[in-house]
Amino acid sequence: MNEKLPFVFVIAFPVVLLVSGLMFEPLPVIGEGLLAIIAAPSVLLTDYLAVGGVGATLVNAGILGIASVVLIYGCKAQINGPFIAAVYTVVGFAFFGKNIYNVVPILVGAWLYSVHQGVQYRNVLLIALFGTTLGPLVSFLTVATGLAPNVAITIAIVFGLLAGFVLPPLASHMLRFHDGYNIYNVGFTGGITGAFFVAVFRSFDFEIGATSVLTGEYHAFFMQFFVVMFLFLIALSVFMSRLDYGALFSALRRIYASGGRLVSDFVQIGNFSGAIMNMGVMGLASILFVIILGGELNGPVIGGILTVVGFAAFGKHLFNCVPVMLGVVIASLVTAWNTTTTPVVIAGLFGTTLAPVAGQYGVVAGIAAGFFHLSIVMNVGILHGGVNLYNNGFAGGFVASFLVPVLDALRRPRSNRT
Amino acid sequence: MKHEKKKISKMVDEILTYFLFHYNSPAEIKVTPKSGAYLLEFTFSKVEMDKKEFEKLKNRLVSKRVPELEDYYWQLAGELDDSDELMLVAMMSDSVEMKQDAGQVKIKVTRKL
């Protein structure tokens, strides 16, 4: 396969978003929208579709996605499952929390870390891209502290750089907390880092708290947009396999046989067309999940869907995700949380961070993981005040670290060689 | 590069765990620090492994090095009882040679510094 083809595939999606955004609204409206997005505190849950409008949000997502791919290409890193997941996650969260201003200090902070350690930037690039989860930390300090603008911007950039600098060593270390069973490991790391910073801010009387700015105005448009996109991914996968259905199904079988624990690169385990097929299938499954729950496609839900699609190249497939989603739904039916609300819908989508629990320990364990995940995710956000966008990854770390040792003790070891 | 020696021991851990868990094989391991590289040589005896199984294992281990992932994920190697992270060993290796002969599996791993 042509080495540039994966780059073309990954950059195509944000380019489509950018062009769609530019066609949607006139440039001055997009400019105003982007300024509104940059001026928003961006803590969870800030739907950029409500803050800046659809044109500006699409342009924001397109720019961030393209910049991510350019960084990967510039660093001479390979496009594999983890980087596909990273790009789709950045694009997804550009609908609710990441913008062209707040991600920059974090990316630069990680670069400073690589310089300090004498390693190439590409060695920390994956963590840097995922590390933009702490973008709201920069936004909040810039616009919501009540300090003079130049002081606030300086403090925001310093803390953004600091966050980017500490994330690489922390993220690698935090893997041991859950042994790779929480796919959004940087979400867990970001949660710990965010909680650390926010605790300090609160000691200086800066109060940070979550918000809820949402709109379902563009539900119908995005429903059509993403259904077409995911069907296109499936068609592309068939085309790339040169209509060799046997090889395609063989790749999918290898992907479905994987438990999904970190590091499960489906591009390597299956192949590129198998991974793309899995992405398309998981996209349609996510849309179906939202429809069944009666949710609406707003910024956070779109972010959830795109993150699931990205991680369908890096650990998630139908068989390890559905039990977790089911667990979240069951929990929402028997607890105080309303099934149709955005926090529950995104808990179901992002809760698939625990897919490896189902993949490794079976359907019942997956359902249990999803069940507990909903309660934990609704309670841990207060620790970081919403500055860590991957709150479900934060919660998933706790759920995995609690469940996995228990499940491991209950399971009889068995050989599953090659 | 940081944690280099720990990474070597994690690679040994992962491969050894795999063969102990799945085949309970007697093992000989030789780790040779050379100038600019580490050479890891494994000989596992009494391994009941058919050709198909060997080829599958070879496919999991033979891969090119991925520095952009190893610095992040290397700590996961050798952490599970059933050793599920052979792909990580592949990502941390510059070359992997494998041979199977009369119940013996020989693996030679080179990791450049």
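Mean sequence separation of contacting Cα pairs (under 8 Å, at least six apart), scaled by the length of chain A, corresponds to a relative contact order of 20 percent. Summed over both chains, the area buried between B and A is near 3100 Å², taken from the accessible surface of protein heavy atoms with a 1.4 Å probe. With R₀ fixed at 51 Å, the C-beta to C-beta distance from A:V29 to A:D205 puts the FRET efficiency at about 0.85. Alpha carbon centre of the stretch B:20-88 versus the stretch A:15-78: separation in Å? Result: 43 Å between the Cα centres. Whole-Hz Karplus values for the stretch A:147-161 come out as 7, 4, x, 5, 5, 4, 5, 4, 4, 4, 5, 4, 5, x, 4 Hz, taken residue by residue from phi with 6.51 cos²θ - 1.76 cosθ + 1.60 and θ = phi - 60°; glycine and proline positions read x. Seen against the Cα atoms of chain B and their longest principal axis, helix B:51-61 is set at about 10 degrees. Look at where the Cα atoms of the stretch A:334-365 and of the stretch A:88-150 average out, and the two centres are 27 Å apart.
Rounded to the nearest Hz, the phi-derived 3J(HN,Hα) couplings of the stretch A:233-243 under the Karplus curve 6.51 cos²θ - 1.76 cosθ + 1.60 (θ = phi - 60°) are 4, 5, 5, 4, 4, 5, 4, 5, 7, 6, 6, where x marks glycine and proline.
How large is the accessible surface per residue of chain A, computed with a 1.4 Å probe and reported in Å² as a whole number?
So chain A comes to 36 Å² accessible per residue, rounded to a whole number.
Using a cut-off of 29 Å between Cα atoms, the listed pairs A:K98/B:K7; A:K316/B:K46; B:K52/B:K108; A:K98/B:K64 include A:K98/B:K7; A:K316/B:K46; A:K98/B:K64 as exceeding that distance.
Counting only protein heavy atoms and using a 1.4 Å probe, what share of the accessible area of the stretch A:347-387 belongs to carbon plus sulfur, as a whole percent?
Details: 860 of 1110 Å².
Within the stretch A:347-387, the accessible surface is 77 percent carbon and sulfur.
Give, as a single signed number, the net charge of other residues whose beta carbon lies under 14 Å from the beta carbon of A:G386, with Lys and Arg counted +1 and Asp and Glu -1. All intermediate terms of the calculation are to be shown ahead of the outcome.
On the way: positive: A:K98, A:R202; negative: A:D47, A:E207.
Neighbourhood net charge equals 0.
For the pair the stretch A:213-265 and the stretch A:181-199, the centres of their Cα atoms are 28 angstrom apart.
Here chain A is scanned for GluC sites (Glu not before Pro) in DSSP loops (not H, G, I, E, B) that have at most 10 other Cβ atoms within 10 Å, and the longest stretch holding none of them is A:208-418. Among the trypsin sites (Lys or Arg not before Pro) in the stretch A:230-304, those located in a DSSP loop and surrounded by at most 11 other Cβ atoms within 10 Å of their own Cβ are A:R242.
Give the shape of the stretch A:215-274 as rounded, prolate or oblate, defined through the alpha-carbon gyration tensor: a ≥ b ≥ c are the square roots of its eigenvalues, a/c under 1.5 means rounded, and otherwise the shape is prolate if a/b is larger than b/c and oblate if not. It is oblate, given that a/c is not under 1.5 and a/b is not larger than b/c.
Quick one: plug the Kirkwood hydrodynamic radius of the protein assembly as shown (C-alpha pairs) into Stokes-Einstein at 10 °C, 1.306 mPa s, and report D in µm²/s. Rounded, D is 68 µm²/s. Excluding same-chain neighbours fewer than eight residues apart, the aspartates and glutamates reachable from B:K5 by a Cα-Cα span under 17 Å are B:D13, B:E14, B:E41, B:E70, B:D71, B:E79, B:D94.
The values are calculated or read from the model by the stated rules, or taken from the named source; none is laboratory data. Keep in mind that what you see is a predicted model, and the values were worked out from it rather than measured. Don't worry about glycine lacking a Cβ; one is built from the backbone with ideal geometry, like all the others, and counts go over all protein chains shown. Only protein heavy atoms, including side chains, enter the accessible area calculation; ligands, DNA and RNA are left aside. Shrake-Rupley method; radii C 1.70, N 1.55, O 1.52, S 1.80 Å.
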